[in-house]
Each structure stands twice: as structure tokens, then as C-alpha cells.
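Trainee: Before anything else, here's the structure in question.
No value in this document is a laboratory result; all are computed from the given coordinates. The shown structure was predicted, so the numbers you read here are calculated from the model rather than taken from an experiment. Ideal geometry is used to build each Cβ from the backbone, glycine not excepted, and the neighbour counts take in all protein chains shown.
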Amino acid sequence: MSAVATITDLAVSFATDAGPVRAVDGVSLDVSPGEVLAVVGESGSGKTVTAKTLLGLLPETATTRGAVVLTGRDGRETDVVHVSGAKLREARGRDVAMVFQEPSSVLNPVYTVGWQIVEGIRAHGEVSHKVARQRAVEVLRQVGIPDPEHRIDHYPHQFSGGQKQRIVIAMALVLGPSLIVADEPTTALDVTVQAEILDLLRTLRDETGTAIVLITHNMGVVADLADRVAVMYQGKVVEQAPVGELFADPQDDYTRALLKAVPRIGEGTARAVERASSRPDGWADSEPVVRADDLRIVYPGRFRQPAFTAVDGVSLTIRPGEVLGLVGESGSGKTTIARAIAGLTPVSGGSLKVLGTEMRGAKGRDLKAMRPRLGFVFQDPATSFNPLLTIAQCVAEPLVVHGRAKSAEAARRRVDELLEAVQLPRSYGDRFPHELSGGQRQRASLARGLALDPELLVADEPTSALDVSVQARVLELFAELQKELGFACLFVSHDLAVVDLLADRIAVLYRGELVEEGTGAEVLGAPREDYTRRLLASLPVPDPVAQAERREALRALQVG
């Protein structure tokens, strides 16, 4: 069986002011029809550059050597590296298509999804609008969009995150390519939606025979979907094996380190017991830093739309020095509660006391007095940092705003201490956010959140966009800082294994309601609610055999 894509001795270098930087160095890979090849490795390993080479999407600053040959369903071969621009445009969509990481950045917000799919069909041949629209409806139905005849005329903002990812997959499928390149297709999705998207990709592979190159840092996703795995490190393929062999007996030291870095359910139990035993007498009777009683948050309706209740009757507490993990799928109300605690979203009903301040009806002066005692770590530091400021200026911002320092320059000594605390060299303070890697930016974001020595830290999905090895280092650092500084924390995440590692207690939200709460051993070890069991079964684990069993268990829960 001939390969649908063959990469031979690929080398890619980028021209920079400091000289050429080699991103890919002598990579050779091939993909067979109907096969899923997972390419894994940490940020900067060259996996995404290799994937983009398959579609000829590298910038003009790139210099490419080697061969990348695509074989279409009609047997026609295209060497992407040496082909003309016109031939390359023909191959895209017909022979190879791409599913990008963030669907919101791919879909044009001013056009309906149907128009965008039809545009792709008509760009590759003389097809009437009626026929193209019919094909678009068929492919939307194929990827599981309900009522496609009607939804085809909707705009991207009218779909959920999971549905938008399905639409991007539909756009990739519509011309029947022999190869789909999926670049981190589930990173931004919660575990239940991720499980649906992985099922969809598996079904499409089986039904259409389409090969898939899966770029991911999630080893659970690899175990769930891949047939073969290529591990990249510093631009080279260091190991390549069938998925079962690689997980059972990894040969390369880097592969072993990558698998060891994956958090697993149950690993946090011992840590939670150790933290609980070190607490002083009477801790359980201390005044909580956060107390929610029958908390309700309602977003008012607009343009004749009814009001939406995001949080409905939630009661919870966070005591001094305690980490509460808040989990649930998208739309469950996790981020809404986090924003309400930070005073960024108004409380509609019930009571929410944060550091002694009643947030319901709180005025600006009340929040001004409370906010220096609270830190916030955002999900994506790339968008929460001002790109025009240096890292030192960004980290110093809370100190300047709250009058602890007259300027960023005056706060530099404190900033240097914070950077060292999060294991970043002091010199990084003079860099701009775009000059740091994702993991380094997240450490700097943590330094900014801790700048005022807060009693309470709100961390909203702080590790969701990080690859597994960087995530492990950031989580270890977070745990060390929390133990050393003793701040209380609300840790919001959809990754149950991460929450289990850090949290003393876990609260599970579903459609704005608190359905289960307890220690990690109670909630994740012996869940009482079906929804929690579905969440657990949806979480892919880095073991192909165990993951196949979990997939069947999830199907049984969904049928039940």
C-alpha cells in the first residue's frame, strides 16, 4: 500500500537577525492510507513546522531542503517543496487539508459557515452554487452538526466551541483529501467535547480511509487515536513506533521523560494528605477567604433574547491556604464564578463573600480595598500581557497600580525576586512577551499574580495551552510556591488529572449547579454522580489498552 505522504530528509531553517535557526533537521516520515500518525514533542521540537511543510504553509523566511511528496486519491504525486504556487493551491484541499488548533481564528466572523464551505468547493472546480451548497449540507451532517439544512446559514458565533471545531473539520473534509493534518485539534476543548471530536476523527478515518497526521502534546489523545507515533526533539525524530509499543516500552530517554511528565488521576492523593496533616489545630474552624451561599449569576437578555442563568444556587467555601479545584465542561459556570470572586462579574443573587467583602452590590471603593489581597492568573498570558511593555513592566503593573511602587523601575528589585521565585532569569525582565516561550510567559503571569503577596489566587485554566513537559514544570512550581507562601487558591480547569495533583478539594459544576464536592479520592476515586463519571471516562489516559476500555465505558454511560 503506497503512502499518501512521504517526507524524506526534511530540513527547515528560518532566517533571523541573529542568523539562521534550524527548526527541522533531517526528518523522514511516511503516512499510509487510513493511518493516524501522531507527531509529539514539546514546544520548539519542530512538529508544527513539519506539519505546515505538508501544506506549503511556511513563511518566506524559511529555507527548505529535502522532499515532501503527497499522493492524491487519483494517484497523482506532488512534491510540495519544489512545486509551483498554482500546483500547490490545487493540492491543498484536494490532496491535503488542515484542521487548525483554534477554530475561531480560522472561521471568518462576517460570513455564514455555509458560505465559507461553499467557497472552498467552488475554488477547486466549476461547480454550481446549488450543488456546492448541497455538498456543504452533507459534510456538516457527516461531522455531526444538528439540522444542517438550517444551521448552514448561521454565523460562527452562533456555534459552541466543539461545533466550531466540527465545522473546521467539515471544511477540511469537503473535497475528500487523502490526508488531513490536525494541529492540536482538541487543546482548547474540555474533556467531554474532546472525546466527541476524537470519536469523530476516528469514524471519519474508518469510513473514508483518510489518513491523519495528528500534532499534539496530549499523550492521552495519542493513546486514544493514533496508530503510530513519531517523537520529535530539537528538530529531529528521536523515536518512531506503533502506539502500543511506544507506550509499553519507550526506547529513548526523552520519550520516557515525556510519558513520565503526564499527570495521572490518583497521583495527588498523597500530596493532599500531606498538606492536610501539616495544617494547624483549629484550621477547619477558621474564617473562609471565600464563602458562596446560594450564589446566582444571571446575564441579562439583549436584543429580545431571554436572560441566561450562568450560576444557579452554588454554595462553596475556600479556607486560608486551601486549594479548591473547580471542574466542569464549557458553559458549566467555572469562569463566571472565578470572575465574580475577582469582582469582574456582578453577583445577581445569594451571597458571595471574598476576603470579608460582600460582592453582591459591592461598590468600587469596596473592591479597591479588597483587590490588592487577590491575585489572578489568566489562561492565556499572550493576550493578558501588554505586548508594548517588557516582562518587568508587566509584572510590576500591580505594584504601581496599587501604590506599592512609584514606577516599574522603582519596583525592579521586587520584580527580580518574583522572576527568580518562578525560576526565570532576571534578565528575562528586559524581554517583551513575544520573546518568551508559552511556558515562560505562564511563569511570568504567575509572578504577576503573586506580586502583591495575595491571600487568595484565582487561576483560570493556567496550564491548558502548555505542552506536557512544560505543564509538569509549571505545576511543580505552582505547588512549591503555594506551600511556601501559603495563599488560598481557586484553580479552574477542565483537566481532572491536573486538578487532582494540586487541589485539596474538588467541586464539580454542571450547567451552573454544583453537583459534587469532596477530596480528590472521594470525587475522582468514587464519584457519586453520573456526570462526574462521564467526565472521568472522557479524560484520555496515556495507555492505549486502558484508554480503549475507558472509551467503551464512556459509550455505556452515554447510552445509559
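Trainee: Can you pull the Kirkwood radius for segment 428-560, inverse mean 1/r over Cα pairs, to one decimal in Å?
Mentor: 16.8
Trainee: When only Cα pairs under 8 Å and 6 or more residues apart are kept, what is the percent relative contact order across the chain?
Mentor: Values: 1134 pairs, mean separation 87.5, N = 560.
Relative contact order for the chain comes out at 16 percent.
Trainee: Further, regarding this structure: Counting only C-alpha contacts under 8 Å and six or more residues apart, can you give the relative contact order of segment 102-176 as a whole percent? Display every interim value, and only then the final one.
Mentor: On the way: 82 pairs, mean separation 32.3, N = 75.
Relative CO of segment 102-176 lands at 43 percent.
Trainee: Can you tally the net charge around ASP380? Count Lys and Arg as +1, Asp and Glu as -1, for every other residue whose Cβ sits under 11 Å from the Cβ of ASP380. Don't skip to the end; give the middle numbers.
Mentor: Working: positive: ARG441; negative: GLU102, ASP460, GLU461.
Here the charged neighbours net out to -2.
Trainee: For a test of understanding, tell me how many lysine pairs in the chain have Cα atoms under 21 Å apart, given they are 8 or more places apart or on different chains.
Mentor: So the count of such lysine pairs works out to 10.
Trainee: Here's another thing I want to ask about it. Roughly how many Å is it from the Cα centre of segment 321-342 to that of segment 148-212, as a whole number?
Mentor: Between the Cα centres of segment 321-342 and segment 148-212 lies a distance of 28 Å.
Trainee: Where the centroid of each part is defined by its Cα atoms, how far is segment 10-41 from segment 50-102 in Å?
Mentor: With segment 10-41 and segment 50-102 each reduced to a Cα centre, they are spaced 13 Å.
Trainee: In terms of modelled amide H atoms, which long-range or inter-chain residues lie less than 5 Å from the amide H of LYS236?
Mentor: Amide H to amide H, under 5 Å and 5 or more residues apart or across chains, LYS236 pairs with ASP25.
Trainee: Is any residue of segment 216-232 close enough, with backbone N under 17 Å, to a label point placed 7 angstrom from the Cα of THR203 along the Cα-Cβ axis, and if so, which?
Mentor: The answer is 225.
Trainee: What net charge is computed for the residues neighbouring VAL131, neighbours being all others with C-beta under 12 Å from the C-beta of VAL131, Lys and Arg scored +1, Asp and Glu -1? Don't skip to the answer; put the middle values down first.
Mentor: Working: positive: ARG122, LYS130, ARG133, ARG135; negative: GLU126, GLU138.
Residues close to VAL131 contribute a combined charge of +2.
Trainee: Percent antiparallel among DSSP beta bridges with both residues in the chain, to the nearest 5?
Mentor: Details: 45 of 80 bridges.
Percentage antiparallel, nearest 5: 55.
Trainee: May I pose another question? Counting Lys and Arg as +1 and Asp and Glu as -1, each charge on the Cβ, what is the dipole of the chain about the Cα centre in debye, to the nearest 20?
Mentor: Numbers: 62 positive and 73 negative charges, 337 e Å.
Approximately 1620 debye in magnitude.
Trainee: So, one more: What does the charge count near LEU524 come to, summing +1 for each Lys or Arg and -1 for each Asp or Glu among other residues with Cβ under 15 Å from its Cβ?
Mentor: Values: positive: ARG264, ARG271, ARG505, ARG528, ARG533, ARG534, ARG550; negative: GLU267, ASP495, ASP500, ASP504, GLU516, GLU517, GLU522, GLU529, ASP530.
Once all neighbours under 15 Å are counted, the net charge is -2.
Trainee: For segment 102-176, compute Rh as the Kirkwood radius over C-alpha pairs and then the Stokes-Einstein diffusion coefficient at 10 °C and 1.306 mPa s; write the answer in µm²/s, rounded to an integer.
Mentor: Values: Rh = 12.0 Å.
Value of D from the Cα-based Kirkwood radius: 132 µm²/s.
Trainee: Oh, and also: Between segment 273-291 and segment 397-425, what's the alpha-carbon centroid distance in Å?
Mentor: 30
Trainee: Something else about it: Under the Karplus relation 6.51 cos²θ - 1.76 cosθ + 1.60, θ = phi - 60°, what is the ordered set of whole-Hz ³J(HN,Hα) values for segment 313-323, x standing for Gly and Pro?
Mentor: x, 8, 10, 7, 9, 10, 8, x, x, 9, 10
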